[in-house]
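K.L.:
Please see the structure below; I have some questions.
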Amino acid sequence: MSLTKLTIVIPCYNEEKTLEAIVDRVLAADRCGLDLEMVIVDDGSRDKSVEVMKALAAKHPQIITAEHGINQGKGAALRTGFQKATGDIVLVQDADLEYSPADYPKLLKPFLDGRADVVFGSRFKGGDESRVLYFWHSIGNRVLTLASNMFTDLNLTDMETCYKAFKREIIQGVTIEENRFGFEPEITAKVARLRPRPRIYEVGISYSGRTYEEGKKIGWRDGVRALYCIIRYNLLD
């Protein structure tokens, strides 16, 4: 099947300072000749993110918007975004500038070569550059990835990465139940359980993480929830 269109799903919560910048970077990115659709889902922001989103949509016809009246979480925003996606490939892009659209060609190549159904972008596999930040976050990520791999029988290096890309029929065929950051282990478990198993690839990406002072939101409670989700969606679901 010919792949002609890419949908970028951007969940947004209190990102008025970075939303326009990430949209500009997505628009400027090399999409390997694919047509572009952007789905921005505001998840009950309390700043001016909605106003920024609407102004961007009025300016760029590629943008589709959705709003949650109250904050529900990243997983809920992605669920809404995936339902609206019409592209052949659907890629998750955070709005906080931690992940660079300059990596799109790496993420898209396995699809365009006809080799992949799902692609993960790994912060630990070797990209152009990565900002040095929290040691314990890195350890926690690796522990969660190891636990996930033990149950899914995958050999991922970064299960918790934002950069996950899917053929649309795969992501729209999975029921997403988690509303917050538990989306990452949930979708990994559910994709791994599909039969026939999708062809999953992993590519190295760059990463420019934020500090908590700069707006980072994920915390240790989300790590505990992720561990619960690994067990639930691999053993109990």
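The values are calculated or read from the model by the stated rules, or taken from the named source; none is laboratory data. Bear in mind the structure is a predicted one, so any value in this text is a computation, not a measurement. Note that each Cβ is placed from the backbone with ideal geometry, even for glycine, and that neighbours are counted across all protein chains shown.
K.L.:
Here is a list: Leu108, Leu112. Which entry is at negative phi, in contact with a Cys (Cβ under 8 Å, 6 or more places away or on another chain) and crowded, with 16+ Cβ neighbours inside 10 Å?
P.N.:
None of the others qualify; the one that does is Leu108.
K.L.:
Here are some residues: Gly81, Gly69, Gly73. Which one is in contact with a Gly (Cβ under 9 Å, 6 or more places away or on another chain) and within 26 Å of Thr145 (Cβ to Cβ)?
P.N.:
So the residue among Gly81, Gly69, Gly73 that is in contact with a Gly (Cβ under 9 Å, 6 or more places away or on another chain) and within 26 Å of Thr145 (Cβ to Cβ) is Gly73.
K.L.:
Could you tell me whether any residue of the range 51-59 is part of a loop (DSSP other than H, G, I, E, B) and not basic (Lys, Arg)?
P.N.:
Scanning the range 51-59 turns up no residue that is part of a loop (DSSP other than H, G, I, E, B) and not basic (Lys, Arg).
K.L.:
I've got another one for you. Among the residues in the range 88-108, are any in contact (Cβ under 8 Å) with a residue 40 or more places away in the chain, over 18 Å from Arg25 (Cα atoms) and among the aliphatic types (A, V, I, L, M)?
P.N.:
Among the residues of the range 88-108, at least one is in contact (Cβ under 8 Å) with a residue 40 or more places away in the chain, over 18 Å from Arg25 (Cα atoms) and among the aliphatic types (A, V, I, L, M), which makes the answer yes.
K.L.:
So, in the range 160-180, exactly how many residues are more than 18 Å from Lys106 (Cβ to Cβ) and among the hydrophobic types (A, V, I, L, M, F, W, C)?
P.N.:
4
Condition check ((1) within 14 Å of Val9 (Cβ to Cβ); (2) more than 12 Å from the chain's Cα centre (by Cα)) across all residues:
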{"residue": "His60", "(1), (2)": "no, yes"}
{"residue": "Gln72", "(1), (2)": "no, yes"}
{"residue": "Ala76", "(1), (2)": "yes, yes"}
{"residue": "Phe82", "(1), (2)": "yes, no"}
{"residue": "Ile89", "(1), (2)": "yes, yes"}
{"residue": "Ala95", "(1), (2)": "yes, no"}
{"residue": "Tyr104", "(1), (2)": "yes, yes"}
{"residue": "Pro110", "(1), (2)": "no, yes"}
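K.L.:
Follow-up. Out of the residues in the range 211-237 that are in contact with a helix residue (DSSP H, G or I) (Cβ under 7 Å, 6 or more places away or on another chain) and under 24 Å from Ser45 (Cα atoms), state the one that is modelled with the lowest pLDDT.
P.N.:
Looking at the filtered set, the residue picked out is Gly223.
K.L.:
Something else about it: Looking at the range 12-50, which of the residues that are of a type outside the set (Val, Ile, Thr), assigned to a helix (DSSP H, G or I) and touching a residue at least 24 places away in the same chain (Cβ under 8 Å) is surrounded by the most Cβ atoms within 10 Å (Cβ to Cβ)?
P.N.:
Out of the qualifying residues, it is Leu19.
K.L.:
Which condition number does Val9 fail, the rest of (1) touching a residue at least 40 places away in the same chain (Cβ under 8 Å); (2) surrounded by 17 or more Cβ atoms within 10 Å (Cβ to Cβ); (3) out of contact with any Gly (no Cβ under 9 Å at 6 or more places or on another chain); (4) closer than 19 Å to Arg168 by Cβ being met?
P.N.:
Condition not satisfied by Val9: (3).
K.L.:
Which residue pairs have Cβ atoms under 6 Å apart, sit 6 or more places apart or on different chains, and have a first residue in the range 173-198 that is farther than 16 Å from Met150 by Cα and a second that is charged (D, E, K, R) and part of a loop (DSSP other than H, G, I, E, B)?
P.N.:
Pairs found: Pro198/Asp117.
K.L.:
Return only the number of the condition from (1) among the small types (Gly, Ala, Ser); (2) at negative phi; (3) modelled with pLDDT of 95 or more that Gly69 does not satisfy.
P.N.:
Only one criterion is unmet by Gly69, namely (3).
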